[in-house]
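J.: First the structure, which I've put down as structure tokens, then a few questions once you've had a look.
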Amino acid sequence: MKVAIFSESSTDEAGIRVLVDAILGQPTEPVAVAGIRSRGWDSVRANLSMVYKQLYFNFEADGLVVVADSDDSPVHQQAHESPGMMLNDCRLCTLLSIIEQERNRCPKAPNRAQFRTAVGVAVPAIEAWFLAGKNIHVTEQAWARGPKGRTFDRRSLKNDLYGERANLPQQTAKMVEEAKRLAADISVLEQRFPAGFGSILRQLRTW
Amino acid sequence: MITSIEYHNFRVLRSAVLPLAQCTVIVGPNGSGKSTALLPLDVSRGGDLSYARLVSAGVQPPPDLVRVTIHWSESTPDLPTILHWERNPAQPTRTIPPDPTAQALRSRHAETLKTVRIFALSPGAIAASVQVEPSIELGRDGKNLAGVLELIQQREPERFDALVDEFCRWLPEYDRILLPTINTGQKRIRLRKSVGKYAIDAQDLSHGTLFALTLLTVAHLPNPPEIVCLEDVDHGLHPRLMRNVCDAMYRLAFPESSGESRKPVQVIATTHSPHLLDFFKDHPEEVVIAEKGETDATFRRLSDYPQISEILGGTSLGEAWFSGVLGGVPAGT
């Protein structure tokens, strides 16, 4: 199965792919283009439609996985998924909406097999996912309590996971190592990040 | 380490202070004094600058004095190095303090300044053949690269292998750096393609490839200078390689993070790349924004902006800089 991962870096892609493979129960292949990258939330939102269409029409991708950081945006709630309850500031709501819009817009392409998608939002940053089970305080719930109740921020998560100023190969090796740990028991992530990771898990299980 | 440089009537830097960290990246519009700010470091190691070349033509009446003050972290109390140029005589003078106890520190600073290297790379110089000598050094424009690589390979083969590995991670279309001796007895650089295993001579390589190889070589030098300045460090390189460029700078400045045991190098780089800037968001103390006024230019460290973390939020630093909200963008654009 050829799966494109739209993420911020090659490090993120390496870790996410390990998790995706674990959830799908089979190894996935990258599509025949170099990694698809975003430069933070603004570029994910601006480019997701284009990325979707490009993969849909021009590449033999079976699926697209999108992961963005929530940063300081509201944490997704299941209530947002009820009709008319989508929250504009919620990044998961925004990404799901863009995907839905493109799915409805794109004409059925000849010889095109089903194009599957899975979208997740890491709260507050992807490093949080890869600390799951190692730092019990890092959860979506803890972040949702607001700045006063938090014991971590985006920078501390990076330092906790990689150490200060780790280079790209060091970060990638660490990300993959932690992803393999989590792949052995994916429920650790599901429990701590039920909205942002739960979303990607539920969608991948329908593939 | 230099903590700051103060400029007084120094070209466009009529009254400016450049704050410096162990690793500093300076961004700003063209003509905002980024390269000018590095000039005094060149003068300190023997570069030639006269009063007439230092004073902006538009400054009337011409100032009696041009002064640059270099502040050091090791100084307690602060014992800066002062360079000044007077209208007469038109020669730089280094102030020597009367206090003999300060002499050792002064001497050490003077020695450090002699090691400063400013790199403003040129593809032709990088690609040129070189006669290898034991004392060969990388030139300001990248000349002697083949000789420097040859010495690293001879003296520290494991370091050379690490350099090759990293280069091939940056540009995976290559799998080896070759240093053949040509018929004049000189060394040349050739890169072997991963697919097809044929070699491409340095003169046929892209500018970006040559710049990448030179930057990585600086980052892997066994005994690098104490202070390295990298002009337009992103020049010719793809935006996706900016993370690698940041890693190379950090390898010099924070060697322990790359498993190196040598002394840290102070790195000062200039850039126009928002993509490179993105990687410094977590270290606003390492970012300086140059601002161009009508007749002068100034510097401001990103960490000195009030509530900068709150302002930036989830926005990438490069996007924020490009937007203009942080300043440091060309007027009228």
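Rule-based calculations on the coordinates, nothing more; no lab input. Here the structure is a predicted model, which means the values were calculated and not measured. Every residue, glycine among them, receives a Cβ derived from its backbone with ideal geometry; neighbour counts consider all protein chains shown.
J.: Dividing the Cα radius of gyration by the Kirkwood radius, what Rg/Rh value follows for chain B?
T.: 0.99
J.: Right, something else. Working from the pairwise distances between different alpha carbons, so that the mean of 1/r is found and then inverted, what is the range B:107-183's Kirkwood radius in Å?
T.: 14.1
J.: Express as a percent, rounded to the nearest 5, the fraction of DSSP beta bridges in the protein assembly as shown (both residues included) that run antiparallel.
T.: DSSP beta bridges in the protein assembly as shown are roughly 55 percent antiparallel.
J.: Let's see if you can work this out: charge +1 on each Lys and Arg Cβ, -1 on each Asp and Glu Cβ, no other charges. What is the dipole magnitude of chain B about its Cα centre, in debye to the nearest 20?
T.: Here the size comes out at about 700 debye.
J.: Looking at the P(r) of the protein assembly as shown, how many percent of alpha-carbon pairs lie beyond 47 Å?
T.: 20
J.: If you line up the long axis of helix B:103-114 against the longest principal axis of chain B, both from Cα atoms, how many degrees apart are they, to the nearest 10?
T.: Approximately 50 degrees, to the nearest 10.
J.: When the helices in the protein assembly as shown are scored as -39500 (n - 2.57) per DSSP H run of 4 or longer and the sum is shared across all residues, what 222 nm value do you end up with, to the nearest 500 deg cm²/dmol?
T.: Mean residue ellipticity at 222 nm (helix-derived): -10500 deg cm²/dmol.
J.: Taking every residue in A:51-58, how many Cβ atoms of other protein chains lie within 10 Å of its Cβ, on average?
T.: 0
J.: To continue, here is another question. With bins 5 Å wide starting at 0, give me the P(r) of the range A:3-204 over every alpha carbon pair, in whole percents.
T.: Final binned percentages: 1, 7, 16, 20, 21, 17, 10, 5, 2, 1, 0.
J.: Based on the alpha-carbon gyration tensor of the range B:125-224 and its eigenvalue square roots a ≥ b ≥ c, which shape applies: rounded if a/c is under 1.5, prolate if not and a/b is larger than b/c, or oblate?
T.: In terms of gyration-tensor shape, rounded.
J.: Counting only trypsin sites (Lys or Arg not before Pro) that sit in a DSSP loop (anything but H, G, I, E, B) with at most 16 other Cβ atoms within 10 Å, what is the longest stretch of chain A containing none of them?
T.: A:1-107
J.: Let me ask you something else. Considering only DSSP beta bridges where both residues belong to chain B, give the percentage that are antiparallel (nearest 5).
T.: 70
J.: Rounded to whole Å, give me the distance from the Cα center of the range B:152-208 to that of the range A:1-78.
T.: So the separation of the two Cα centres works out to 34 Å.
J.: A further question on this structure: Over the whole of A:197-207, what's the average partner chain Cβ count within 10 Å per residue? Rounded to a whole number, please.
T.: Going residue by residue through A:197-207 and averaging, the value is 0.
J.: Name the chymotrypsin sites (Phe, Trp or Tyr not before Pro) in the range B:150-201 that are in a loop by DSSP and that have at most 13 other C-beta atoms within 10 Å, would you?
T.: B:Y198
J.: Can you pull out the chymotrypsin sites (Phe, Trp or Tyr not before Pro) in the range A:34-76 whose DSSP state is coil and whose Cβ has at most 16 other Cβ atoms within 10 Å?
T.: Those that pass, being in a loop and sparsely packed, are A:F59.
J.: If you don't mind, there's one more thing I want to ask. Given the pairs A:K148/B:K281; A:K148/A:K174; A:K158/A:K180; A:K2/A:K158; A:K158/B:K143, which span a C-alpha to C-alpha distance of over 27 angstrom in this model?
T.: Going by Cα-Cα distance, A:K148/A:K174; A:K2/A:K158; A:K158/B:K143 fall outside the 27 Å limit.
J.: For helix B:34-44, what angle does its Cα long axis make with the longest principal axis of chain B, in degrees from 0 to 90 and rounded to 10?
T.: 90
J.: Taking the Cα centre of the range B:125-224 as origin, sum charge times position over the Cβ atoms of Lys and Arg (+1) and Asp and Glu (-1), and report the length of that vector in debye to the nearest 20.
T.: With only Lys, Arg, Asp and Glu charged at Cβ, the dipole is about 200 debye.
J.: Work from the charge dipole of the range B:125-224 (Cβ charges, +1 for Lys and Arg, -1 for Asp and Glu, about the Cα centre) and give the residue of B:G196, B:I126, B:Y174 farthest towards its positive end.
T.: Positive-most Cα among the choices belongs to B:G196.
J.: Please check chain A for the longest run free of GluC sites (Glu not before Pro) that are loop-located per DSSP (anything but H, G, I, E, B) and have at most 16 other Cβ atoms within 10 Å.
T.: Longest site-free region, per DSSP loop and neighbour criteria: A:61-163.
J.: Can you tell me which of A:T151, A:T11, A:T117 moves the most in a GNM of chain A? Springs connect C-alpha atoms under 10 Å apart.
T.: Between A:T151, A:T11, A:T117, it is A:T151 that shows the largest mean-square fluctuation.
J.: A follow-up question, please. Sorted from fewest to most neighbouring beta carbons within 10 Å, what does the list A:I186, B:I182 look like?
T.: B:I182, A:I186
J.: So, one more: Using only Cα atoms and rounding to the nearest 10 degrees, what angle (0 to 90) does helix B:207-219 make with the longest principal axis of chain B?
T.: Approximately 80 degrees, to the nearest 10.
J.: Take every residue in peptide B:312-320, count the Cβ atoms of other chains within 10 Å of its Cβ, and give the average of those counts.
T.: 4
J.: Taking neighbour counts of Cβ atoms within 10 Å as a proxy for exposure, in what order, fewest first, do B:S261, A:S38, B:S107 appear?
T.: Ordered from fewest to most neighbouring Cβ atoms within 10 Å, B:S261, A:S38, B:S107 come out as B:S261, B:S107, A:S38.
J.: While we're on this one: Using a 10 Å cut-off around each Cβ, can you sort B:T81, B:T214 from fewest to most neighbouring Cβ atoms?
T.: B:T81, B:T214
J.: Only four residue types carry charge here, +1 at the Cβ of Lys and Arg and -1 at the Cβ of Asp and Glu. Report the dipole size of the range A:3-204 about the Cα centre in Debye, rounded to the nearest 20.
T.: Computed charge dipole of the range A:3-204: roughly 160 debye.
J.: In chain A, which helices (entire DSSP H runs) extend 15 Å or more along their own long axis, judged by Cα positions, while averaging at least 0.5 on the Kyte-Doolittle scale?
T.: In chain A, the long hydrophobic H runs are A:10-24.
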